[in-house]
1. Per DSSP H run of n ≥ 4, the term is -39500 (n - 2.57); total these for the chain, divide by its residue number, and report the mean residue ellipticity at 222 nm rounded to 500 deg cm²/dmol.
2. Counting only DSSP beta bridges with both residues in region 1-139, what percent are antiparallel, rounded to the nearest 5?
3. In whole Å, what is the distance between the alpha-carbon centres of region 182-213 and region 101-171?
4. Filter the GluC sites (Glu not before Pro) in region 363-448 down to the DSSP loop ones having no more than 14 other Cβ atoms within 10 Å, then list what survives.
5. Kindly put Met61, Met196 in sequence by how many other C-beta atoms sit within 10 Å of each C-beta, fewest to most.
6. Using a cut-off of 9 Å between beta-carbons, work out the net charge of the residues near Arg338 (Lys and Arg +1, Asp and Glu -1, Arg338 not included).
7. Estimate the FRET efficiency between Arg95 and Arg73 by the formula 1/(1 + (r/R0)^6), using the beta-carbon distance for r and 22 Å for R0, to the nearest 0.05.
8. Please compute the length gained on full extension between Arg114 and Arg256, using 0.36 nm multiplied by the number of residues separating them and subtracting their Cα-Cα distance.
Amino acid sequence: MASRIAIVGGGFSGTALAVQLLQRRPECEVVLIERSGRFGQGLAYSTDCDAHVLNVRAERMSAVRDHPDHFTRWLADTGRAADPDRFVQRREYGRYVADWLAEAERDAPGRLTRVEAEVVNLGRDAGGWTLALADGTALGADAVALALGNFAPLTPEVDGLGPKTPAYVADPWAPGVLDGLAPDAEVLLVGAGLTMVDVLLKLERTGWRGHALAVSRHGLLPHSHDAHQIHVHAPPPPQARLSAALRDFRRRAAERPWGELMDELRPHVQAMWTRLSEAERGRFLRHLRPWWDVHRHRLAPEVAAHVEELLADGRLEVAAGRLARVSTDDGRVSVEWRPRGERTFRRSAVDLVVNCTGPAFDLTRARDPLVRALLAGGLVRPDRLKTGFDVDLNGRPLDAAGRPTPGLYAVGPLTRAAFWEIVAVPDIRSQAATLADLMIEAPATAEG
């Protein structure tokens with residue numbers, strides 16, 4: 001039985017697992033390691049922009065699986081508006097998760113250790129795990145859970161575009177990278193999804209009032225939640241193959257609001273994904289994923305309305321196409337791009353290019369030093385479709401030979417390859433509860 005468990009990553013995934021471990025087994029000691037020092041918040045919920053709101057109604061954001069009103073009760077108890085249909089500011093949700101962790105810590109005195117550090121490698125022997133830190137020190141544990149969240153976006157492979165290209169923002173979530181832009185600046189946004197919308201909102205809060213061109217392969221914008229949508233109960237999961245299930249969905253969408261159908265499908269996505277063959281998963285990623293993303297990951301109604309205003313005012317233009325070449329001239333950036341379906345290229349002169357392609361999936365290109373070390377050491381491997389770690393259905397990463405490594409686990413988006421739908425709070429909170437039981441009941445790690 002693992003008595004000392006180290007969790008690498010203190011965002012929602014790592015916090016949810018830590019709370020579950022503290023609450024379920026009094027003999028378990030938890031070491032929660034977060035390089036930013038923002039325990040419980042992670043990247044998504046530590047934003048300082050008040051325009052960044054959740055993409056899900058408050059009533060569905062409880063961190064506690066068996067208490068669906070846990071979040072709305074926290075809102076009421078802390079003097080905030082507790083409307084279950086409200087789309088709450090993300091930083092408020094970050095405070096909620098941090099309070100949830102603090103409460104679990106108070107109820108388990110001396111059993112949670114918070115460490116502000118960066119883990120750069122893992123080692124294993126008969127005595128357990130050693131976690132090497134960036135400052136040269138090390139920590140020991142019986143078991144390790146990787147809760148690294150989403151990785152920074154990868155720079156698109158475009159001639160002349162690289163991390164050091166002037167007036168290029170490779171990671172829009174890096175602190176301060178969007179500050180100081182001239183109010184009338186021309187901006188090119190590479191991508192048209194949720195990250196693009198977040199960047200627009202952040203730029204506006206800095207005083208920017210210029211024009212933005214968003215270019216993505218398909219030119220698809222995220223859809224809006226229906227503010228008046230009824231609450232649905234999930235029917236039995238579809239049993240048909242992917243193509244047949246898609247045809248059935250389209251048929252029913254002609255008769256009922258598609259948002260209701262998506263919400264009915266929502267609880268069954270993981271089960272459906274696990275039934276797909278690798279070939280079917282590949283077809284989904286190649287052909288259906290863009291449409292899945294814009295229908296599944298929707299905007300809060302007020303945010304969607306603001307995006308529509310920007311489009312109507314001409315301040316935002318969204319185009320389907322591909323970038324071909326980037327060059328700089330007299331402090332500005334010249335971008336050549338080809339609209340989808342056309343042979344001729346267009347040229348746009350902008351003051352800033354922002355990578356809005358969203359989180360990186362391909363671990364082989366990840367810049368995270370721990371991931372690179374784990375891959376090099378053969379402790380983990382990417383799945384063949386390059387959507388995350390190759391893991392089994394218990395969340396255990398597979399090593400280079402395809403075997404689970406004793407005492408090593410993963411939680412959250414890292415396990416996307418096995419479950420696909422594992423980025424939202426309801427999925428992660430359930431996974432954390434299941435994984436907590438597995439980690440506690442498993443024998444302590446041993447060399448082998």
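Quick note: the coordinates plus some simple rules give every number you see, no bench work behind them. Not measured: the values here are computed from a predicted model. Positions of Cβ are generated from backbone atoms using ideal geometry, with glycine treated the same way; all protein chains shown enter the neighbour counts.
1. -9000 deg cm²/dmol
2. Working: 9 of 18 bridges.
Here the antiparallel bridges make up roughly 50 percent for region 1-139.
3. After rounding, the separation between the Cα centres reads 30 Å.
4. Sites meeting the loop and neighbour criteria: Glu447.
5. Met61, Met196
6. Numbers: positive: Arg322, Arg340, Arg343, Arg346; negative: Glu336, Glu342.
My count for the surroundings of Arg338 gives +2.
7. For R0 = 22 Å, the calculated efficiency reads 0.95.
8. On the way: separation 142, 0.36 × 142 = 51.12 nm, distance 4.87 nm.
Length difference between fully extended and current span is 46.2 nm.
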